[in-house]
Amino acid sequence: MRAALERACALQLIVADQAGDGRYAFRHALTRDIVYAEFLAVRVKPLHRKIARMLERSLRTRGGVLEDLAYHSWAAGDAKRALRYNELAGDSAVALHAPAAAQAHYLRARSLIDVDSAPYSRLSEKLQALEDG
């Protein structure tokens, strides 16, 4: 993985985070969109699953980034974890007075579950509270 990241940096597709914490970002949103469009879902989902698992271990040991874990669980197609981590990320965003981020997480979580389920109702209540608040 490290070699692939270094190669992508050399090609100026991604850049390493200036904080030196091992994180990378695409240089441009269009580059990200093209790269994702070229990968088949069968290749991308397993990568997101691996990233999510690594973030999950990090969360237990040193407090990883919840928003990243929520996204990668969702992108991996892991409905159970994506529901859990997106709801937690939404709750965290509410606590930080970031209603737009909370709404995005709650909507993503809610999109994964049956309309007649208790979690769907709970998330709908949280979304309604954001609208009312």
Calculated from backbone phi, Karplus (6.51, -1.76, 1.60) coupling profile of segment 8-14 in Hz, x at Gly/Pro
5, 5, 4, 7, 6, 8, 10
Footprinting proxy, K126, K80, K50: sorted fewest to most Cβ within 10 Å, the residues are K80, K50, K126
Kindly express, to the nearest 10 degrees and within the range 0 to 90, the angle between helix 118-132's C-alpha long axis and the longest C-alpha principal axis of the chain.
90
Determine the dipole magnitude for the chain: charges of +1 sit on the beta-carbon of Lys and Arg, -1 on that of Asp and Glu, nothing else is charged, the reference point is the Cα centre, and the result goes in debye to the nearest 20.
700
Nearest 10 degrees is fine. How inclined is helix 29-38 to the longest principal axis of the chain, computing both from alpha carbons?
80
Residue-averaged 222 nm ellipticity for the chain, from DSSP H runs of 4+ at -39500 (n - 2.57), nearest 500
-23000 deg cm²/dmol
In the list (i) 135; (ii) 109; (iii) 89, the entry giving volume of the Cα convex hull per residue in Å³ computed from the coordinates is (i)
Could you state the angle between the C-alpha long axis of helix 66-75 and the longest principal axis of the C-alpha atoms of the chain, as a value from 0 to 90 degrees rounded to the nearest 10?
80
Rg to Rh ratio, segment 66-133, alpha-carbon atoms and Kirkwood radius?
0.95
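Every read-out reported here was derived from the displayed coordinates using simple, explicitly stated rules and does not represent laboratory data. All figures in this text were calculated on a predicted structure; none of them were measured in a lab. So basically every Cβ, Gly included, is an ideal-geometry build from the backbone, and we count neighbours across all protein chains shown.
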